[in-house]
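The values are calculated or read from the model by the stated rules, or taken from the named source; none is laboratory data. All of these numbers come straight from a predicted model, not from anything done at the bench. Neighbour counts run over all protein chains shown; Cβ positions are idealised from the backbone, glycine included. These accessible areas exclude ligands, DNA and RNA; they are computed on the full protein's heavy atoms, side chains included. Shrake-Rupley method; radii C 1.70, N 1.55, O 1.52, S 1.80 Å.
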Number of protein chains: 2
Amino acid sequence: MLASVNASKNSAASLICTVDVVLLTLRERQLELLLLQREREPFAGAWALPGGYVHPQEDQDCEDAARRVLQHKLGLASPYLEQLASFSGPARDPRGWSVSVAYVALVPPPSGPLPLGQWRAVDRLPQLPFDHGRIVATALERVRNKSQYSSLPLHLCGEAFTLPELQAVYETLMGEPINPVSFRRKMDELGTLEPIPGAKRADGPHRPAQLFRRKAGREQGLGLLGRVINSG
Amino acid sequence: MLASVNASKNSAASLICTVDVVLLTLRERQLELLLLQREREPFAGAWALPGGYVHPQEDQDCEDAARRVLQHKLGLASPYLEQLASFSGPARDPRGWSVSVAYVALVPPPSGPLPLGQWRAVDRLPQLPFDHGRIVATALERVRNKSQYSSLPLHLCGEAFTLPELQAVYETLMGEPINPVSFRRKMDELGTLEPIPGAKRADGPHRPAQLFRRKAGREQGLGLLGRVINSG
DNA sequence: ACAATAGTGTCTATTAGACATTATGTG
DNA sequence: CACATAATGTCTAATAGACACTATTGT
């Protein structure tokens, strides 16, 4: 095509373009991320972020490539996915100068164990190949920061959840306890949640909690707060 | 090299990788961005964002490429620069499937007119080629949002500035008036500014304002606020 | 009935905005 | 000295946190 003609003379010809996904979930008050064992060189056998080459023939854009990776390698259909940042340079991949467009994906705690891959607590990760350590650090910073003023953590919950459960999610992400009265006020302010009529969840010998869900039409995207959620 | 061998069989061989920079400044309470007239096809002659191919031989990463573009095409040495996002797909560039890593750069209002390029008010832009319109929209959203809780707007001011001047910058970015008492409290809270002893600036028949500068060691990076700046 | 957590009402503390007052330059 | 804007003090309003109290389940 046209591309190679112009590109080659500008030294843009041989350059690797990949996507990497930091897939996060939250189980038992622990943030976990999914690692896959690499099948090929470089770093064959090492545990790394799910990722792969962009396929210009089939992908409409890099996000598409990230979704394809999640679908084909993990069977995940439509998780929450947002672009994180791009990482580039001559040394991050031993195959040569590369650009990786990194994404963050959030899923509710999987019921069964995934066929492939391994969930690892984010604060007990092995050494990661490439610059995946840096990508993960950037992702955690983003997710923790965005938890302060948005409904992002909702995407770590299933369809239905109680407010105490959701508060625990926020607390885990922010690393600090939240005042429950204030938390309820904030969730109300978000305007994203509605109680499921009649549905409650009990998890012990005490009053059961009201179940909530995202309001219709607010499943995607994020609700935003005018002010941050304060700890305390 | 190694790259092309592995890359080609994964259909990652012919893919265009560029950087684009949304270079912003603020003059007379107007946010302006720099457009360059394209010298080559595609869209030769059109006004577009400064940008260019990534040069794997010389660039250490995409940020480096963006700095090179600013330096070579505009003579800008070390403006504030942050990665915005990547834009990709088969149709955004007629040469073929492409990834552009976009950056936002902020500079104080240039004293002389730049030799090349044209400053345009961001709310009166021409139709832009490629997906530059979308990139600009994303950049403006980012800059406006970050102005609410960080010292980002400082990078649109020169070395020395008064608090009323800085407040005007914030107000232009946020599009709303700010309470001056509250603004001073916030700037104090940022901890990034210090008064320049004895230096004042008068711009009329009235009390002159104290000049401030960034504290030593805080020229780079951003100060962050615990809460947003409210309008009013 | 009791234990335990859900959920609410309300008081106090903190933070933000309004407004008055003082400060300090120019014409 | 009048005027205009800078800068600050202080009162009021809005928002957040603490804490007590009521609600509702399982055992």
| query | So which residues in region A:89-104 are open to solvent by 10 Å² or more (accessible area, probe 1.4 Å) and farther than 17 Å from residue B:63 by Cβ? | reply | A:94, A:95, A:96
| Can residue A:187 be described as surrounded by 14 or more Cβ atoms within 10 Å (Cβ to Cβ), of a type in the set (A, V, I, L, M), under 20 Å from the mean Cα position of the chain (by Cα) and not assigned by TED's automatic domain parsing to the domain that holds residue A:82? | no
| task | Could you grab me the full set of residues in region A:163-180 that are open to solvent by 40 Å² or more (accessible area, probe 1.4 Å) and away from DNA strand D (no atom under 16 Å from the Cβ)? | result | A:165
| query | Would it be correct to say that residue A:124 is assigned to a loop (DSSP other than H, G, I, E, B), surrounded by fewer than 18 Cβ atoms within 10 Å (Cβ to Cβ) and among the basic types (Lys, Arg)? | reply | yes
| note | Given (1) under 22 Å from residue A:133 (Cα atoms); (2) outside any strand (DSSP E or B); (3) in contact with a strand residue (DSSP E or B) (Cβ under 9 Å, 6 or more places away or on another chain); (4) within 12 Å of chain B (Cβ to nearest Cβ), residue A:73 misses just (4)
| Taking residue A:141, is it in a loop (DSSP other than H, G, I, E, B), under 20 Å from residue A:106 (Cβ atoms), more than 16 Å from DNA strand C (Cβ to nearest atom) and under 18 Å from the mean Cα position of the chain (by Cα)? | no
| query | Does region B:147-167 contain at least one residue that is in a helix (DSSP H, G or I) and touching a Cys at 6+ places or on another chain (Cβ under 8 Å)? | reply | yes
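Among the candidates B:178, B:135, which residue alone is closer than 24 Å to residue B:27 by Cβ and touching a strand residue (DSSP E or B) at 6+ places or on another chain (Cβ under 9 Å)?
One residue alone meets the criteria, B:135.
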| So is residue A:134 open to solvent by 40 Å² or more (accessible area, probe 1.4 Å), of a type in the set (D, E, K, R), outside any helix (DSSP H, G or I) and more than 16 Å from DNA strand D (Cβ to nearest atom) or not? | no
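Counting only residues that are under 17 Å from residue B:29 (Cβ atoms) and at pLDDT 95 or above, how many does region B:101-118 have?
The qualifying residues number 3.
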| remark: Checking A:225, A:193, A:166 in turn, the sole residue that is under 23 Å from residue A:22 (Cβ atoms) and either outside the structural domain of residue A:32 (by TED's automatic domain parsing) or of a type in the set (Val, Ile, Thr) (or both) turns out to be A:166
| query | If you go through region B:194-205 one residue at a time, how many are open to solvent by 40 Å² or more (accessible area, probe 1.4 Å) and not in a strand (DSSP E or B)? | reply | 3
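Let's see how each residue does on (1) open to solvent by 40 Å² or more (accessible area, probe 1.4 Å); (2) modelled with pLDDT of 90 or more; (3) closer than 22 Å to residue A:79 by Cβ; (4) not β-branched (Val, Ile, Thr):
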| residue | (1), (2), (3), (4) |
| --- | --- |
| A:161 | no, yes, yes, yes |
| A:182 | no, yes, no, yes |
| A:192 | no, yes, yes, no |
| A:220 | yes, no, yes, yes |
| A:224 | yes, no, yes, yes |
| A:232 | yes, no, no, yes |
| Only one of these conditions is not met by residue A:19: (1) free of Cβ contacts under 8 Å to residues at least 24 places away in the same chain; (2) closer than 23 Å to residue B:54 by Cβ. Which number is it? | (1)
| said: Among (1) polar (S, T, N, Q); (2) away from DNA strand C (no atom under 14 Å from the Cβ); (3) more than 22 Å from the chain's Cα centre (by Cα), there is one condition residue A:147 misses while meeting the rest; what is its number? | reply: (3)
| Is region A:80-88 home to any residue that is out of contact with any Asp or Glu (no Cβ under 7 Å at 6 or more places or on another chain), open to solvent by less than 50 Å² (accessible area, probe 1.4 Å) and facing chain B (nearest Cβ under 8 Å)? | yes
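Here's the yes/no breakdown for (1) farther than 30 Å from residue A:111 by Cα; (2) open to solvent by 10 Å² or more (accessible area, probe 1.4 Å):
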{"position": "A:16", "(1), (2)": "yes, no"}
{"position": "A:24", "(1), (2)": "no, no"}
{"position": "A:27", "(1), (2)": "no, yes"}
{"position": "A:31", "(1), (2)": "no, yes"}
{"position": "A:35", "(1), (2)": "no, no"}
{"position": "A:40", "(1), (2)": "no, yes"}
{"position": "A:55", "(1), (2)": "yes, yes"}
